[in-house]
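Visitor: I have a structure I would like to understand better, so I am pasting it below and will then ask my questions one at a time.
Please treat every number below as a calculation from the coordinates, not as lab data. Quantities reported herein were computed from a predicted structural model and do not represent experimental measurements. All Cβ positions, glycine included, derive from the backbone under ideal geometry; neighbour counts span all protein chains shown.
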């Protein structure tokens, strides 16, 4: 509790309102740092006291004392709402056309389901159990397969810049996987194929660990392996 | 109650070098007496009881007698207790012979160093007590550690106010570190009163929620209304109990008004979160803003109206889900010298 308290900024009473900063900083948000992120899932509130670890109990107590940010307009507590899918839709969106991005995502998932069900009905008895029909499962698994394990950073040393292998955070890995998927589907397609068609093809390929995105991931891994000698240039 | 007269004599002095204006203790005392007398006069003028005239009554009377259209609240006529207007100042720190009273006067921050000196003394005291217990063999490492409850240390500003002198951030961090060290000792409850002096109680955020009162119409059906806002949209919602989940927005059905699924999801979010989807009828009005901001404004209004039907715990769950905070994000203005809010003009080398 005291460690949280020590991190508090200087004046507390001024922090309890949404922040209007007269000085415009480069990267700032309309909320002041005192506000916590909202927890939208219903299950988090149904857990009884006994199930919680000490850190969870501390966090629960902290939440009762601090103001909470408003939930964004893309999230709901419904079972159909997936944070990964929402993030993917936002990344696909261009010029603020959320409606179109959502449509594409919906059609992609429908397409995946259709293809898988077709394959299911054509398959023989033993193979039927192996075919995954849930499009959400396929999406998650495909994204997992596309995530790189190490990344490369350009570090300047002695006048030359080297590509140094570095560990990546979870957020960064997820971002790279999604970005590769979207760029791949936007660029490497025939001009008559629609986005959702190409996207469903790529996702199914990634699910089977084939396809261009997986190839790109493997190339990155090979580069990192090749530049293994420069790993000690990283200082963080 | 302060009459300021400027004369040419004052203009010759270097006013900036003199520092902030110093008010003597007798002057402030005189101001307090005048304030008390003036308060009674004001109460008599307004025809109210002079004995129970509170600060809110004073503010109300002054706003009535001296109406001001000025936008800056601090520029309007004001009558407050002199302790709030004149900053707390230190009395003269040395006697007639020029010798200072406090032994730490020449450090420059006598109260702060005195506090640190006392604090360290208490630390040594607790250590001595622990050694004595250890000698007797009665020492136990988890004996009666203090229960702080939900409290926090004084902030730097509050510490400055209590010491009546300025301290730097480094000093403040040092103070907090030493306090934490005192707290980490098992027998710190010896100095409980001293420690609690420098802690402030935190109150739960749920106390700040304003719950709309539940009203009843002629047939006995309970309903409540609330308002919500988001960006430039303003909405108002009437939540009626014993309904079938029908939603009317500006006279139209919600499927007509909000053709996008995302907006309808946002409307249903608070009801789905609480699991009361089919129970209420909604009658909403909304104006201003775009499609998404109208949906956000309605969501806030629905959550606020729903509060009156729910228990405190459920209300707290809604607050932690982020349903009851008005979203402060608004469109950022365009700045001169830039093309938009963030986008700069193309940089040309020459």
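Visitor: If you split all Cα-Cα distances of the stretch B:197-334 into 10 Å bins from zero, what percentages do you get per bin, shortest first?
Guide: 12, 42, 31, 10, 4, 1, 0
Visitor: Rounded to the nearest 500, what is the protein assembly as shown's calculated 222 nm mean residue ellipticity when only DSSP H runs of at least 4 contribute -39500 (n - 2.57) each, over all residues?
Guide: Rounded to the nearest 500, the figure is -14000 deg cm²/dmol.
Visitor: While we're here: If Rh is defined by the Kirkwood formula over all Cα pairs and Rg also comes from Cα, what ratio Rg/Rh do you get for the stretch A:81-158?
Guide: Taking Rg over the Kirkwood Rh, I get 1.16.
Visitor: Quick one: work out Rg over Rh on the C-alpha atoms of the stretch B:73-130, Rh as Kirkwood radius.
Guide: Reported Rg/Rh (Cα atoms, Kirkwood Rh): 1.25.
Visitor: Could you list B:286, B:28, B:237 so that the one with the fewest beta carbons within 10 Å of its beta carbon is first and the one with the most is last?
Guide: So the ranking, lowest neighbour count to highest, is B:28, B:286, B:237.
Visitor: Between the alpha-carbon centers of the stretch B:177-252 and the stretch B:292-339, tell me the distance in whole angstrom.
Guide: Each part reduced to its Cα centre gives a spacing of 13 Å.
Visitor: Follow-up. Sorting B:171, B:59, B:263 on the 10 Å Cβ count, fewest up front, what's the list?
Guide: Listing B:171, B:59, B:263 from fewest to most nearby Cβ atoms yields B:59, B:171, B:263.
Visitor: List the relative contact order of the stretch A:33-77 as a percent without decimals, with contacts defined as Cα pairs under 8 Å and 6+ residues apart.
Guide: For the stretch A:33-77, the relative contact order is 70 percent.
Visitor: Next up: Listed highest first by mean packing, meaning other Cβ atoms within 10 Å per residue, what order do B:264-271, A:224-231, A:207-214 come in?
Guide: B:264-271, A:207-214, A:224-231
Visitor: Continuing with the same structure: Which whole number gives the average, over all residues in A:60-70, of C-beta atoms from other chains lying within 10 Å of the residue C-beta?
Guide: Other-chain Cβ atoms within 10 Å of each residue's Cβ, averaged: 6.
Visitor: Say R0 is 22 Å: what FRET efficiency, to the nearest 0.05, do residue A:37 and residue A:79 get from their beta-carbon distance?
Guide: 0.60
Visitor: Tell me the label-point distance for the pair residue A:64, residue A:163, using the 7 Å Cα-to-Cβ offset, in nm and rounded to one decimal.
Guide: Between residue A:64 and residue A:163, the label points sit 5.4 nm apart.
Visitor: Let me ask something additional. Using only alpha carbon positions, build the gyration tensor of the stretch B:257-350, then give the equivalent ellipsoid semi-axes as the square roots of 5 times its eigenvalues, largest first, whole angstrom.
Guide: With the √(5λ) rule applied to the stretch B:257-350, the semi-axes are 38, 16, 11 Å.
Visitor: So, R0 is 56 Å and r is the distance between the beta-carbons of residue B:291 and residue B:3; what FRET efficiency does that work out to, to 0.05?
Guide: Once rounded, the FRET efficiency stands at 0.40.
Visitor: A follow-up question, please. For the stretch B:32-87, what does the alpha-carbon gyration tensor say about shape, rounded, prolate or oblate, given a ≥ b ≥ c as the root eigenvalues, a/c under 1.5 as rounded, and a/b over b/c as prolate?
Guide: oblate
Visitor: Right, something else. Once the piece of chain linking residue B:46 and residue B:86 is laid out straight, how much longer is it, given 0.36 nm per residue of separation minus the C-alpha distance between them?
Guide: Computed gain between residue B:46 and residue B:86 is 11.7 nm.
Visitor: Let me ask something else. Could you list, bin by bin from short to long, the percent of Cα-Cα pairs of the protein assembly as shown in 10 Å steps?
Guide: 3, 10, 14, 19, 20, 15, 10, 5, 2, 0, 0
Visitor: I want to verify a result. In a Gaussian network model of chain A, Cα cutoff 10 Å, which of these has the top mean-square fluctuation: A:30, A:173, A:119?
Guide: Looking only at A:30, A:173, A:119, the largest GNM fluctuation is found for A:30.
Visitor: Beta carbons within 10 angstrom, averaged per residue: use that to sort the peptides B:113-119, B:327-333, highest first.
Guide: B:113-119, B:327-333
Visitor: Let me ask something else about it. Remind me, what semi-axes does chain A give for its equivalent ellipsoid, largest first in whole Å, using sqrt of 5 times each Cα gyration tensor eigenvalue?
Guide: 37, 28, 20
Visitor: Build a GNM of chain B with springs between Cα atoms under 10 Å: which of B:211, B:221, B:176 gets the top mean-square fluctuation?
Guide: Result for chain B, Cα springs under 10 Å: B:221 fluctuates most.
Visitor: Report, in cubic angstrom per residue, the convex hull volume of the C-alpha atoms of the stretch A:33-77.
Guide: Roughly 78 Å³ of hull volume per residue.
Visitor: Take every Cα pair under 8 Å in chain B that's 6+ residues apart, average their separations, divide by the length, and report that relative contact order as a whole percent.
Guide: For chain B, the relative contact order is 11 percent.
Visitor: Could you tell me the center-to-center distance, by alpha carbons, between the stretch B:47-66 and the stretch B:74-129 in angstrom?
Guide: Centre-to-centre (Cα) distance: 35 Å.
Visitor: As an exercise, find the ratio Rg/Rh for the stretch B:1-133 from alpha-carbon atoms, using the Kirkwood inverse-distance average for Rh.
Guide: 1.16
Visitor: P(r) for the stretch B:109-256, please, calculated from all Cα pair distances in 10 Å bins and given in %.
Guide: P(r) over the stretch B:109-256, rounded to whole percents: 8, 24, 18, 11, 10, 15, 11, 3, 0.
Visitor: Where in the stretch B:86-106 does the amide nitrogen come within less than 18 Å of the point 7 Å from the Cα of residue B:26, taken along Cα to Cβ?
Guide: Within reach of a label on residue B:26: B:89-96.
Visitor: Need the full-extension length gain, residue A:227 to residue A:172, defined as separation in residues times 0.36 nm minus the C-alpha distance. One decimal, nm.
Guide: Here the segment from residue A:227 to residue A:172 would lengthen by 17.8 nm.
Visitor: If you fit an axis through the alpha-carbon atoms of helix A:135-146 and take the longest principal axis of the Cα set of chain A, what angle between them do you get, 0 to 90°, nearest 10?
Guide: 80 degrees
Visitor: Let me know the mean shielding of B:326-339 by other chains, meaning the per-residue number of their Cβ atoms within 10 Å of its Cβ.
Guide: 2
Visitor: Which value, in nm² and rounded to one decimal, describes the direction-averaged projected area of the C-alpha convex hull of the stretch A:133-204?
Guide: Mean shadow area of the hull around the Cα atoms is 6.4 nm².
Visitor: Shielding by partners for B:298-306, please: the mean number of other protein chain Cβ atoms within 10 Å of each residue's Cβ.
Guide: Mean inter-chain Cβ contacts per residue within 10 Å come to 1.
Visitor: Can you give me the distance in nm between label points at residue B:348 and residue A:53, each placed 7 Å from the Cα along the Cα-to-Cβ direction?
Guide: Taking the two extended label points, one gets 6.0 nm.
Visitor: If you don't mind, there's one more thing I want to ask. So for chain B, what percent of the C-alpha to C-alpha distances run longer than 25 Å?
Guide: Taking all Cα-Cα pairs of chain B, the fraction more than 25 Å apart is 75 percent.
Visitor: With the crude spin-label approximation of a point 7 Å out along Cα→Cβ, what separation in nm comes out for residue A:155 versus residue B:140?
Guide: Result for the modelled spin labels: 5.3 nm.
Visitor: In addition: How large is the convex hull of the C-alpha atoms of the stretch A:84-219 per residue, in Å³?
Guide: Spelled out: Cα convex hull of the stretch A:84-219, divided by residues, is 140 Å³.
Visitor: With the contact rule set at Cα under 8 Å and sequence spacing of 6 or more, what percent relative contact order holds for chain A?
Guide: Across chain A, relative contact order equals 17 percent.
Visitor: Here's something else I'd like to know. Say we join alpha carbon atoms closer than 10 Å with springs in a Gaussian network model of chain A; which of A:32, A:111, A:134 then has the biggest fluctuation?
Guide: Between A:32, A:111, A:134, it is A:32 that shows the largest mean-square fluctuation.
Visitor: Further, regarding this structure: Calculate how many DSSP beta bridges within the protein assembly as shown are antiparallel, expressed in % of all such bridges and rounded to the nearest 5.
Guide: So the antiparallel bridges amount to about 90 percent of the total.
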